[in-house]
1. B:D220 passes all but one of (1) at negative phi; (2) part of a loop (DSSP other than H, G, I, E, B); (3) buried (at least 24 other Cβ atoms within 10 Å of the Cβ); which number fails?
2. In this structure, is A:A220 over 19 Å from A:Y30 (Cα atoms), open to solvent by less than 10 Å² (accessible area, probe 1.4 Å) and hydrophobic (A, V, I, L, M, F, W, C)?
3. When you go through (1) part of a helix (DSSP H, G or I); (2) within 20 Å of the chain's Cα centre (by Cα) one by one for B:I324, which number turns out not to apply?
4. Considering every residue within segment B:145-161, establish whether at least one is at positive phi and within 14 Å of chain A (Cβ to nearest Cβ).
5. Among (1) touching a strand residue (DSSP E or B) at 6+ places or on another chain (Cβ under 8 Å); (2) open to solvent by less than 10 Å² (accessible area, probe 1.4 Å), which single condition is A:A33 missing?
6. Looking at the structure I just gave you, is B:L164 in contact (Cβ under 8 Å) with a residue 40 or more places away in the chain, surrounded by fewer than 24 Cβ atoms within 10 Å (Cβ to Cβ), touching a Phe, Trp or Tyr at 6+ places or on another chain (Cβ under 7 Å) and of a type outside the set (S, T, Y)?
7. Please name all residue pairs, on different chains or six or more residues apart, with Cβ atoms under 6 Å, provided the first residue is in segment A:127-153 and is facing chain B (nearest Cβ under 7 Å) and the second residue is in a helix (DSSP H, G or I) and surrounded by 22 or more Cβ atoms within 10 Å (Cβ to Cβ).
8. Count, please, the residues in segment A:139-198 that happen to be open to solvent by 20 Å² or more (accessible area, probe 1.4 Å), modelled with pLDDT of 80 or more and of a type in the set (F, W, Y).
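The values are calculated or read from the model by the stated rules, or taken from the named source; none is laboratory data. Keep in mind it's a predicted model, so treat the numbers as computed, not measured. Positions of Cβ are backbone-derived with ideal geometry, glycine not excepted, and every protein chain shown enters the neighbour counts. Please note that ligands, DNA and RNA were not included when accessible areas were found on the heavy atoms of the full protein model with its side chains. Shrake-Rupley method; radii C 1.70, N 1.55, O 1.52, S 1.80 Å.
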Amino acid sequence: MSLEAAFADEPAFVPYLAAGDPSYEASIEYVEALARGGADAIELGLPFSEPIAEGTTIQEAIVRALDAGMTPDRYLEFVREVDVDVPLVCMTYYNLIYQYGESDGPRSFVEAAAEAGIEGFVVPDLPAEEAGPLRAACDEFGLDLVFIVAPTTEGDRLETMKEQVSGYVYVQARLGTTGARDEVSDYTERSLARIADWDVPKAVGFGIKTGDHAERIVRAGADGIIVGSALVDIVAEGYENGDSTEVVADRLEAKARELKEGALAGAPVEQ
Amino acid sequence: MASDGTYAGYGGRHVPEPLEEPLAQLAAGFEEAIESEQFWEEFEHLLEHYGGRPTPVFYAETLSERYDADIYFKHEDLLHGGAHKLNNTLGQGLLAKQAGKERLIAETGAGQHGTATAMVGALLDLDTTVYMGRKDIQRQEMNVFRMRLLGAEVRSVTRGNEGLAEAVDAALEDLVENVDDTHYLVGSAVGPDPFPRMVREFQSVIGKEAREQIQELHGDLPDACVACVGGGSNSIGLFDAFRDDEDVALYGAEPGGKGLSSGKHSAPLSENEDSEGEIYQGAKTKVIDDDTENHSVSAGLDYPGVGPEHAALQETGRAEYRAITDEEALAAFRELSESEGIIPAFEPSHAIALAIQLAEEDEHDTILVNLCGRGDKDMRSAAEQFDLTPTSE
């Protein structure tokens, strides 16, 4: 199933979790719970020891996953093992992709990821101007390359992204790192307006916590919603309280369902 | 140097999308400012009347005799604040003010850059927040007191190694959140473009002055220039003026910690001379290995990466980098104090140790060392190292 197809019939719900947080085994359960709860695609974070400008919530998830032994090779094993029937998108930093394997540049990792079952990449610190080698590797192995459009993205860079993006575009709805917010920003509409003529689905992320947020974002024109911090918070809380994997997985599934239903409720009613 | 902020393939701007546009704007503002006569007038006026420039070059007679080479020091420790950091904070502070920013944020390791930022924040009436690793707050508390007295908020960074690298991370996060009104005043020639070239531009006054001064004093250019390299701002500031002088060798002293083979150091160039580098904190550069523990006796040098231009200078062979151990640096710290009556900071003590090493190798007759900061901040550590506390009787 291609990434674009995940958005085809109805507003898509795209959750994020860091693979291996807080342990390999529990994380497998959590990702599968999100799929049961209605995820249409899953952004699966590959933890990197030097994330740049991530919010505290995600930083801490990354630290937990790294402490539990997550590595790029273990990640690929994770992707092969996790039992979900929705596409998995690898979200990570360019350094890991670039450093992996024998090849000069990103080709080795893209090849390995494609073999493991990854369908696309989101790479927050990859400048669109320098995305050529990764785009080429993704094309070679049939993967999508998602770009993040921020409220500050303008001019030439917006054009460069438009030319290279595939799968979906990740629209960042407000400035700031990925901390969950109580309010849905009115940047959404403005951000969507700037990319109205892009021919990929538009998924809006950053700050979505509740089904109500999801509904409002979809109503503002999004083709899908991306939710990270609100889900990572559930993992973190379960970890701190020593809750069982099963209990945390149930909470994630319930939250996923709430978010998916919210997104559906925001969809235009078909006549 | 290419205008896109890359140096022989190193450098560049690898940042999350929300930072791209603000950094592009910063680059544009910087490029405009350095073409503006008015900017330079104001900057140079402040450097002279507020900062105390020019700083002198001093001939170290005892050391020169002892090691049979002419050893000169660029007295950057005499700059207001006690280190070369003010050159950069004044330059960037003026840029921030011109761009209408209301707030400065900075990372600091030893606290010298944080202090210099706090000074400029007070001078230019900009709110100042300084991120500092908890480990560094403990070992550099005098500078924490100074920053607070100057009106800055010092935020303790408790993640990871609780050091300079983590402070950079925290500051970048703050910038993403507050980019509208905030300027991130980077303290070293590291990070994404335009920071490395901006810091070099403002620090290049060190080399410009020194190049003239040593010709006046000595009658000729030096055979070698030596500076310590953590991120590498004082060294790039010294090297820049000499890069086209082919007969002047350039040497960077990296913090070798407990020795390169100990796995406890912060010397990426010495450790990974032949690697192709990686992307670290927004730029492609050299970084210490994953299993190397980031360590230096000097809080201002224990940074796992290095400024991208140094990686390029090493690769092209224009500069040579050597690791100086904690022990060698401490010995030089003591030697300079006793022989010349100058207490250097632990950071330039690495450069002094390397200069002594070079003199002993007898390759160079005249050696210019950048004495980039004074040692007051290191007194507590020095007292422990050298047992300076008087025994009570």
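1. (3) is the only condition that B:D220 fails.
2. Spelling it out, it is not the case that A:A220 is over 19 Å from A:Y30 (Cα atoms), open to solvent by less than 10 Å² (accessible area, probe 1.4 Å) and hydrophobic (A, V, I, L, M, F, W, C).
3. (1)
4. Within segment B:145-161, one or more residues are at positive phi and within 14 Å of chain A (Cβ to nearest Cβ).
5. (1)
6. Numbers: in contact (Cβ under 8 Å) with a residue 40 or more places away in the chain: yes; surrounded by fewer than 24 Cβ atoms within 10 Å (Cβ to Cβ): no; touching a Phe, Trp or Tyr at 6+ places or on another chain (Cβ under 7 Å): yes; of a type outside the set (S, T, Y): yes.
The answer is no for B:L164.
7. Listed by first residue and then by second, the contacts come to A:I148/B:E17; A:A150/B:E17; A:A150/B:P18; A:T152/B:P18; A:T153/B:E17.
8. Residues meeting the conditions: 1.
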